[in-house]
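Okay, so here's the structure we're looking at.
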Amino acid sequence: MSTSFQNIKGTFDILPDAYSDGGTRIASSAEWHAVEETIRDVMHRHNLEEIRTPIFEPTELVARGVGQMTDIVSKEMFAFERSGTNYVLRPEITAPVMRSFLQHHLEQRGGVQKLFYIGPCFRAEQPQKGRYRQFHQFGVEVIGADDARADAETIAIMMAIYRAFGVENTALRINTLGMPDARAKFVNALREYLEPYEDDLSETSRRRLAKNPLRILDTKLDYEQEILSDAPTLTDFVESDSREHYERVKTYLDELSIEYEEDPLLVRGLDYYTRTAFELESPDLGAQSALAGGGRYDLLAEEIGSSQPVPSIGFAAGMERLFLAIAAAGNDLPEPPGADVFFASLGDDAERWVFRTVHRFRSEGLHVAHDLKGRSLKSQMKEANRQDATYAIIIGGNELEAGAAQVKHMASGEQVEVPFDGIVDFVMDRK
RNA sequence: GUGAUCGUAGCUCAGUCGGUUAGAGCGCCAGGUUGUGGUCCUGGAGGCCGAGGGUUCGAAUCCCUCCGGUCACCCCA
């Protein structure tokens, strides 16, 4: 059996069993469920509520929210047009959540809205390990709070999730970006500082100098780092309000014993960030080392049309990278339990009886498996074994006549006779 | 988008100085036991050798293009 079709580049199928795609392990659907369940559990413990938004949005929302100059908008969007409207498969979920918050006036629910999401995103990037064209993000948006405790709590939630999976080998870096005015002044100063060195810079850095000088700061080239060692720092330009806010965030992080490293060179790729920025990295993931990142985005709401500012903070995290980190930590996800009962039948009468009984047992709440191919008893027993069934129940002419089934405990091999009307209780009692 | 590298049964991989019908292990199906799984034995199915083109008497093997994976750049979750 085969087909010439295949999944689109940069996407992957999630199958009942884990498998290897090239060098990357793709987790099973059960593992995805287990991870999502743990994420939801941690979110709920932190008093967050789930929000789900469509996977496509007007292009304009994303362009305004994320920023025209970003790589995401300028070259990585899956966009299409229909009947004169431009749509885009969402490349991230913060702007859509803010759109939804504003559209549905969620501030009217009162208090701070603490939301989380989990779902697919799309970016037309060159795929590699930990980076896909359809990937999955989970994240948090704490909307309507400018208090530094909101920043620290958001980071704490993020850390709690990785802890829940036993992912300990991580580095949290934080910084403050200040407000746009300060950043603009800094960008000018940085440009002035770097211009004399222009000929020494790499091609990409020269391009960034013109387009987005902030990005030069996280160059990986040693000699460029050298040049930057005496450059002005963003911190020097950040206005006192933001600096005080930053100090409070750090105090609250200390309060929670969350370890972090201050990184004045940390800048984030999306335009909407203000003040607090942070990133969680794992040294175990190769080139795509960012597990999660986030920050404060006090200006996003107005950017997409709100008449009022809505101070907010959040983070986004990659599911695929979480799986990589879990694997690197050597941790296993729980296996799903097998069937409670596998019904094996012999002969037409038994098949009919089993078919009816299987459905009755399922309505009683049992996980029941059976054969749909009319195979030999031996094959059915093999199937029961493969499905990891707790009990195999054998029904043939003899059992129908006696009104009692042969019930075999697969792990021990012990087999007993149980009257038909006692089987459900027998299995339930021993679950 | 750029560079490097890889692509042979469902999976992991042998096989390339070009030469009969392309192999192994595991998995799958069946039989050994016409009413009993996990171990064992036996047999079977399953491959346009990633796709297309070229060189050649002859291509899994050599060349080109494309597709896909991986690694890195870039960027980021």
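The values are calculated or read from the model by the stated rules, or taken from the named source; none is laboratory data. What you are looking at is a predicted structure, and each value in this text was computed from that prediction instead of being measured. FYI the Cβ positions are ideal-geometry reconstructions off the backbone, even for glycines, and counts take in every protein chain you see. The accessibility values were calculated without ligands, DNA or RNA, using every heavy atom of the protein model including side chains. Shrake-Rupley method; radii C 1.70, N 1.55, O 1.52, S 1.80 Å.
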If I filter segment A:411-431 for residues that are within 9 Å of RNA strand B (Cβ to nearest atom), modelled with pLDDT of 95 or more, open to solvent by less than 30 Å² (accessible area, probe 1.4 Å) and out of contact with any Pro (no Cβ under 7 Å at 6 or more places or on another chain), do I get at least one hit? no
Looking at (1) within 11 Å of RNA strand B (Cβ to nearest atom); (2) in a helix (DSSP H, G or I), which is the only condition A:Gln288 fails? (2)
Could you list all residues from segment A:377-410 that are open to solvent by 50 Å² or more (accessible area, probe 1.4 Å), without any contact (Cβ under 8 Å) to a residue 40 or more places away in the chain, more than 6 Å from RNA strand B (Cβ to nearest atom) and within 15 Å of A:Asp340 (Cβ to Cβ)? A:His409
Condition set under 18 Å from A:Val167 (Cα atoms) and among the hydroxyl-bearing types (Ser, Thr, Tyr), scope segment A:260-285, selection farthest from RNA strand B (Cβ to nearest atom): answer is A:Tyr260
What are the residue pairs meeting all of these: first residue in segment A:179-197, first residue open to solvent by 60 Å² or more (accessible area, probe 1.4 Å), second residue modelled with pLDDT under 85, Cβ atoms under 7 Å, and 6 or more apart or on different chains? A:Arg191/A:Leu209; A:Arg191/A:Pro213; A:Tyr197/A:Ile227
Tell me which residues, restricted to segment A:8-30, are within 18 Å of A:Gln134 (Cα to Cα), more than 12 Å from RNA strand B (Cβ to nearest atom) and assigned by TED's automatic domain parsing to the domain that holds A:Gly166. A:Ala27, A:Ser28, A:Ser29
On the given criteria, is A:Ser289 hydroxyl-bearing (Ser, Thr, Tyr) and free of Cβ contacts under 8 Å to residues at least 40 places away in the same chain? yes
Quick one: would you say A:Ile326 is surrounded by 13 or more Cβ atoms within 10 Å (Cβ to Cβ) and modelled with pLDDT of 95 or more? no
Given the structure, is A:Asp332 modelled with pLDDT of 90 or more and in a loop (DSSP other than H, G, I, E, B)? no
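If you go through segment A:105-130 one residue at a time, how many are open to solvent by less than 50 Å² (accessible area, probe 1.4 Å) and either outside the structural domain of A:Glu76 (by TED's automatic domain parsing) or within 16 Å of RNA strand B (Cβ to nearest atom) (or both)?
The number of residues fulfilling the criteria is 12.
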Kindly provide the set of residues from segment A:31-55 that are of a type in the set (Val, Ile, Thr) and within 16 Å of RNA strand B (Cβ to nearest atom), ordered by number. A:Val35, A:Ile39, A:Ile55
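Can you name every one of the strands (runs of 3 or more DSSP E) wholly within segment A:44-129 that holds 2 or more residues which are touching a residue at least 24 places away in the same chain (Cβ under 8 Å)?
Working: elements: A:56-58, A:79-82, A:85-89, A:113-122.
In segment A:44-129, the matching strands (runs of 3 or more DSSP E) lie at A:56-58, A:85-89, A:113-122.
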Identify, by number, the condition in (1) of a type in the set (Phe, Trp, Tyr); (2) open to solvent by less than 20 Å² (accessible area, probe 1.4 Å); (3) more than 25 Å from the chain's Cα centre (by Cα) that A:Tyr252 doesn't meet. (2)
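Matching residues to (1) open to solvent by 40 Å² or more (accessible area, probe 1.4 Å); (2) at pLDDT below 95; (3) within 21 Å of A:Val97 (Cβ to Cβ):
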{"position": "A:Tyr19", "(1), (2), (3)": "yes, yes, no"}
{"position": "A:Gly23", "(1), (2), (3)": "yes, yes, no"}
{"position": "A:Glu31", "(1), (2), (3)": "no, yes, no"}
{"position": "A:Arg64", "(1), (2), (3)": "yes, yes, yes"}
{"position": "A:Thr70", "(1), (2), (3)": "no, yes, yes"}
Kindly list the number of the only condition in (1) open to solvent by 30 Å² or more (accessible area, probe 1.4 Å); (2) hydrophobic (A, V, I, L, M, F, W, C); (3) under 30 Å from A:Leu106 (Cα atoms) that fails for A:Leu15. (3)
Quick test of your reading of the structure: A:Arg52 fulfils all but one of (1) surrounded by 17 or more Cβ atoms within 10 Å (Cβ to Cβ); (2) over 16 Å from A:Val142 (Cβ atoms); (3) basic (Lys, Arg). Name the failing condition by number. (1)
So is A:Asp151 in the same structural domain as A:Pro283 (by TED's automatic domain parsing), outside any strand (DSSP E or B), within 22 Å of A:Met43 (Cα to Cα) and open to solvent by 50 Å² or more (accessible area, probe 1.4 Å) or not? no
Looking across segment A:345-376 at residues that are more than 17 Å from A:Glu401 (Cβ to Cβ) and near RNA strand B (Cβ under 8 Å from one of its atoms), the single one that is most open to solvent (accessible area, probe 1.4 Å) is A:Lys373
